[in-house]
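The values are calculated or read from the model by the stated rules, or taken from the named source; none is laboratory data. Quantities reported herein were computed from a predicted structural model and do not represent experimental measurements. Cβ: placed from backbone, ideal geometry, glycine included. Neighbour counts: every protein chain shown. Accessible surface areas use protein heavy atoms only, side chains included; no ligands, DNA or RNA. Shrake-Rupley method; radii C 1.70, N 1.55, O 1.52, S 1.80 Å.
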Amino acid sequence: MNDLRVLITGAAGGIGRCLHRALSGRYRLLRLADRAVATCLHPSEQALTGDFTEAAFAARAVADMDVLVHLAGMPKEAPWETILPDNIVATVNVFEAARAAGVQRIVFASSNHAIGFRAVEETVGIGEPVRPDSRYGVSKVFGEALARMYADKYGIDAAWLRIGSFRERPEDARQLATWISHRDMAALARCAIEAPPYGFAVVYGVSANRRARWTSPDAARLGYAPQDDAEEYAGELEMLRPAPRDPAARFHGGAYCAMEYARRDD
Ligand SMILES: NC(=O)c1ccc[n+]([C@@H]2O[C@H](COP(=O)([O-])OP(=O)(O)OC[C@H]3O[C@@H](n4cnc5c(N)ncnc54)[C@H](O)[C@@H]3O)[C@@H](O)[C@H]2O)c1
């Protein structure tokens, strides 16, 4: 068993449950925090129920932890009334509590929607300016910036995981490029939690899809080597794509780019 004490926020959600199953029994302590109830599987686990928009709950959750994996939040586009508390205020509360508690590493569940308005023809790495495609994408850019500031100013290791499409299996043509399997998501999180000190790292959360258009030079440093490839589903999904002029087809962010799209100059 590894000597780490690890907190997963958003542990009752889809990715949280996947990580919980994969990491159960692996660490000295795995704390599972969410406003929904998370169930413990192993004696080395604790569940905590509360809301990260309350700073006091964030402080309770991070107490005595070595590593924070921050998944909690609204995982898709939503009105500001939801994005502001769950993705901005809660992230500030959790990261600030982590700093005050001496947490050594922050692993942040960011999203490909931070760069969603990049053209699909472009291969996107980690150095290009962000192009968020939604209020949700902007909130991920905020979380990335906050994590980076904690790395630069306070010396806390920080990783941005720019997750693609976490699904049992890819569901449309876009996801032939953006899919991350459950197995690869668990491996990526494990690498980000356990790798030797890395200062700062950015990795796209994507399987080894031959159509992937995101490059992650830091993946090797963290030891992330994805196993799955969406291509085996290509035959049945190829037809499930929007018309070529639709913003959903033209940009990396897919349907998020098409939502509320109101430009008249193209
Ligand atoms: N699923 C994907 O394909 C995908 C892709 C890119 C990024 N992400 C990011 O990964 C993270 C997890 O995504 P998911 O698909 O598991 O989402 P999910 O909605 O299944 O899980 C999110 C969990 O966070 C909890 N939560 C939300 N706000 C909270 C708050 N204020 N206090 C306490 N708990 C709160 C919810 O109760 C929920 O259980 C999210 O941050 C999401 O933006 C997911």
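What is region 144-266 by shape, rounded, prolate or oblate, if you read a ≥ b ≥ c off the alpha carbon gyration tensor as root eigenvalues and call it rounded for a/c under 1.5, prolate for a/b larger than b/c, and oblate otherwise? It comes out oblate by the Cα gyration axes.
What part of the accessible area of region 2-258, given as a whole %, is carbon or sulfur when the probe is 1.4 angstrom? Write down the numbers at each step before the final one.
Numbers: 5770 of 10700 Å².
For region 2-258, the apolar C and S fraction of the accessible surface comes to 54 percent.
At R0 = 22 Å, how high is the FRET efficiency between ASP265 and LYS76 if r is their beta carbon distance? Nearest 0.05 is fine.
On the way: r = 27 Å, r/R0 = 1.24.
That gives a FRET efficiency of 0.20.
What GluC sites (Glu not before Pro) in region 83-136 are in a loop by DSSP, with at most 14 other Cβ atoms within 10 Å of the Cβ? Could you put the intermediate results ahead of the total?
Values: sites: GLU96, GLU121, GLU122; in loops: GLU121, GLU122.
Passing both the DSSP loop test and the Cβ count: GLU121, GLU122.
Once the 1.4 Å probe is applied to the protein heavy atoms, region 1-143 comes out at 41 Å² accessible per residue.
Given a Förster distance of 35 angstrom, what is the FRET efficiency for GLU171 paired with THR215, based on the Cβ-Cβ distance and rounded to 0.05?
0.90
Of the GluC sites (Glu not before Pro) found in region 169-253, those in coil by DSSP whose Cβ has at most 16 other Cβ atoms within 10 Å are GLU171, GLU238.
Counting pairwise Cα distances across the chain, what percent come out greater than 22 angstrom? Counting every Cα pair in the chain, those more than 22 Å apart make up 54 percent. When nucleic acids and ligands are ignored and a 1.4 Å probe is applied, GLU81 ends up with an accessible area of around 150 Å². For the chain, modelled as a GNM whose springs connect Cα atoms under 10 angstrom apart, the maximal fluctuation among GLY164, GLY102, GLY253 occurs at GLY102. About its Cα centre, the dipole of the chain is roughly 280 debye, where the only charges are +1 on Lys and Arg Cβ and -1 on Asp and Glu Cβ. Taking the DSSP bridge list for the chain and keeping only pairs wholly inside it, about 5 percent are antiparallel.
Are there trypsin sites (Lys or Arg not before Pro) in region 44-115 that DSSP marks as loop and that have at most 14 other Cβ atoms within 10 Å, and which are they?
LYS76
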